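Values in this text are rule-based calculations from the coordinates and carry no lab data. For clarity, every value in this text was computed on a predicted model and none was experimentally measured. In this analysis, Cβ positions are derived from the backbone assuming ideal geometry, glycine residues included, and neighbour counts consider all displayed protein chains.
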Amino acid sequence: MHVSFLKKFTFFLCLVGGFFLMGCSDEQTSSVDKEGKIIEIVMGTSADMPPFEFYEASEIVGYDIDIAKAIAKEMGFKLQVRDMDFSALIPALQSGRVDFVMASMTPTPEREKSIDFSEPYLTLPLAAMTLEQDAVTTQKGLSKKRVGVQLGSTHEQFARDVASRDKTVKVRSLNKLSELVQELISGRLDVLIMETKTAKAFQQVNPNLKVAALEDNTVSFALAFPKDSKWREKFNVAIEKLQISGRLDEIRAAWFSDYKNKLKGL
Ligand code: ARG
């Protein structure tokens, strides 16, 4: 009797929750005008990763953000950027709370089971970040170390794979990259794994951090979409146009050749 009440109650909660979620997703993605023409698309990101997506005062800026703005302009839409934890991005795509994600996300076969990716727009080496006196350049160098990675990232997967073969490797996952850097500086972690350009950006503000390439691992970044989204092809076309017009090179130059003064707020 008691159990069946609980069951019914749980069912009721799910029903209400379901309606609530449906309601949310309806009003939260791309908005349309009176004629049903799309005017605004919603992008999810995790704005903790300079120089790609990060806060400058209260504004989210960066290489990815500029590319997303250029794509939206090319397609004639306004862009709304929604910030969340990196680990919340794939669920946000799946539940239709965002139209696409641009967050330095790496396409993997595992992720491709639940979401779709654009063509990659960048490929970068992977780095190990330590305090000045230490250095890690190989997977072996992670032995006996407390390794920090972002929750839900491919780096977490990478570190957990290494740890499954070498039990002396301890992995800790946190939500934000800045939290990881803080833990490293306070001596509660020994090494962080992230992309080289991001590691270098943090190093500019904390010169006692050391950044080394982690073997010859590289990762690429792509935009992510819900499975079978109508947007993916349109975005690929827009990206190609920006490539041909030279706009992508301009954005790259703006963020990668001299972004030192853009990182003051970190
Ligand atoms: N490239 C890695 C991944 O896809 C890390 C991306 C982290 N992105 C961020 N905005 N914090 O898992």
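Computed on the Cα atoms alone, the convex hull of the range 97-230 gives a volume of 113 cubic angstrom per residue. Shown here is the pair-distance distribution of the range 192-242: with all Cα-Cα distances grouped in 10 Å bins from zero up to the longest one, the shares run 20, 31, 23, 23, 4 percent. Computed from phi, the 3J(HN,Hα) profile of the range 74-81 under the Karplus parametrisation 6.51, -1.76, 1.60 (θ = phi - 60°) reads 4, 8, x, 10, 8, 10, 10, 9 Hz, with x in place of Gly and Pro. Each of the trypsin sites (Lys or Arg not before Pro) that DSSP puts in a loop and that has at most 12 other Cβ atoms within 10 Å breaks the chain; the longest unbroken stretch is 38-112. GNM on the chain, alpha-carbon springs under 10 angstrom: the most fluctuating residue among PRO226, PRO109, PRO51 is PRO109.
In terms of other Cβ atoms within 10 Å, VAL237, VAL219, VAL147 run from fewest to most in the order VAL237, VAL219, VAL147. One quarter of the surface of the convex hull around the alpha-carbon atoms of the chain equals 18.1 nm², the direction-averaged projected area. Each of the GluC sites (Glu not before Pro) that DSSP puts in a loop and that has at most 14 other Cβ atoms within 10 Å breaks the chain; the longest unbroken stretch is 133-266.
Sorted largest first, the spans of the alpha carbon positions of the range 156-266 along the three principal axes are 48, 38, 26 Å.
Pull out a ≥ b ≥ c, the square roots of the eigenvalues of the alpha-carbon gyration tensor of the range 119-197, then state rounded if a/c is under 1.5, prolate if not and a/b is larger than b/c, and oblate in the remaining case. Rounded shape, in that the Cα axes give a/c under 1.5. Put in order of Cβ neighbour count within 10 Å, fewest first, the listed residues TYR63, TYR55 become TYR55, TYR63.
How much net charge surrounds THR154 when only the other residues with a Cβ under 14 Å from the Cβ of THR154 are counted, with Lys and Arg +1 and Asp and Glu -1? Computed value for this residue: -3.
For the range 109-266, averaging the sequence separation of C-alpha pairs within contact (under 8 Å, six or more residues apart) and dividing by the residue count gives a relative contact order of 36 percent.
The residues ILE244, ILE115, ILE185, ILE65, when put in order of fewest to most other Cβ atoms within 10 Å, stand as ILE244, ILE185, ILE115, ILE65.
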